[in-house]
Amino acid sequence: MKNIDLQHLRLIKHIVDEGSMSSATRKMFLTQSALSHMLREMENNIGVKVFSRRNKKLFLTEAGSAILYHGERMLSEFAELEKKLTDIKAEKKERIRISTGCYTSYHWLPAIIKMFREQNMAITVDIVTESTGNPLAYLENGGLDIAIADGKPAVPSFYKIDFLFEDEFVLVVSKNSRYAKLKQMNYKELDGADLLIYNMDEKNSTAFNQFIKPNNIQLNSIIKMQFTEGIIEMVAADLGITIMPTWIALPYLNQQKVISIKLPEISLKRKWYAVSHKDASKAQKLFIELLQKELQDKYGV
């Protein structure tokens, strides 16, 4: 409200908490005369009495009670804001917001975040899941600090692009499928297969556009699913095949739910990059360096 400021709210709270105007002077570090003037000024500004006086004691009026109720919440919120700004200024609690276009599988990320937190206890790393559909837009609008993208994106010069790693697509099939028994495979063996892909437009599917379509493979059907786990379970049940990056398939390969086969007659690879602002903080740069090291060591081709 234009005619009430934080000092007025503090004055009312201290008078109520301390029981009198004179006692409130110790909290406000002002004289009783100054506090009395402040109270009269507020009451004149808002046009109603905040306190009534009975037997030399101050009692809140209806208006005063309403101001105290809402004022305590405002003061609490403001105290939290002051603390947060102080922490940010002192670099005590930096928060790194990240996102990746690979929204269906985060199995690789928790271990890296944990490792980073162990080395940088005062820094929090948040995954901004709502930005996974278009992380670069969130980066541009200030909603992200680091966007992980496949393919080198075209971004303005005030962004920095760091290469992370390169992964290779593989054919993933059931251990019991006919493909698993073949000694040698060529792409024509995939005619009549049921292909499982993510729930997206086929023109955005790397597997479809860079392998199935160029090789004129005649599929029986294309089955679209939202999550990696669902695709893997369908493949494990021999209800179809899928083509996905090794780094996404790796946990399921390690569990021996499915097996991978190198794509016949082609090497299909994809590069991943971290995009950040050129004036990124030291902590953000350290996180990108850790991403590079860990992803290249574990999943890089």
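Coordinate-derived values only; no laboratory data. Since we're looking at a predicted model, the values are computed, not measured. Positions of Cβ are backbone-derived with ideal geometry, glycine not excepted, and every protein chain shown enters the neighbour counts.
With each label modelled as a point 7 angstrom along the Cα→C-beta vector, the LYS84-ASP126 pair spans 0.8 nm. Helix screen, the chain: no DSSP H segment has Cα axial length of 30 Å or more and mean Kyte-Doolittle hydropathy at least 0.0.
The distance from the alpha carbon centre of the range 138-153 to that of the range 265-298 is 12 Å, rounded to a whole number.
Relative contact order, whole percent, for the chain stands at 21, derived from Cα pairs under 8 Å and 6 or more residues apart.
Taking 0.36 nm per residue of sequence separation and removing the Cα-Cα distance, the ASN216/ARG26 pair yields an extension gain of 60.0 nm. Whole-Hz Karplus values for the range 197-204 come out as 9, 5, 6, 8, 5, 4, 5, 9 Hz, taken residue by residue from phi with 6.51 cos²θ - 1.76 cosθ + 1.60 and θ = phi - 60°; glycine and proline positions read x. Principal semi-axes of the equivalent ellipsoid, √(5λ) from the alpha carbon gyration tensor of the chain, are 64, 20, 17 Å from largest down.
Extension gain for ASP279 to ALA137 (0.36 nm times residue separation, less C-alpha to C-alpha distance): 49.3 nm. Straight-line reach only, C-alpha to C-alpha below 17 angstrom: list the lysines that LYS278 could link to, leaving out same-chain residues fewer than 8 apart. Result set, ordered by chain and number: LYS152, LYS160. Given their separation in residues at 0.36 nm each and the Cα-Cα distance between them, ASP201 and GLU189 gain 1.8 nm when the chain is fully extended. Set the Förster radius R0 to 45 Å, insert the Cβ-Cβ distance between LYS298 and SER76 as r into 1/(1 + (r/R0)^6), and round the FRET efficiency to 0.05. Efficiency at R0 = 45 Å is approximately 0.50. Would you please give the FRET efficiency between LYS152 and LYS175, computed as 1/(1 + (r/R0)^6) with r the Cβ-Cβ distance and R0 = 35 Å, to the nearest 0.05? With a Förster radius of 35 Å, E is 0.45. Once C-alpha pairs closer than 8 Å and six or more residues apart are averaged by separation and normalised to the residue number of the range 43-201, the relative contact order reads 16 percent. Going by a ≥ b ≥ c, the root eigenvalues of the Cα gyration tensor, does the range 204-258 fall in the rounded group (a/c under 1.5), the prolate group (a/b larger than b/c) or the oblate group? The shape class here is prolate.
Exposed loop sites were defined as GluC sites (Glu not before Pro) in DSSP loop states (anything but H, G, I, E or B) carrying at most 12 other C-beta atoms within 10 Å; in the chain the longest segment without such a site runs 92-264.
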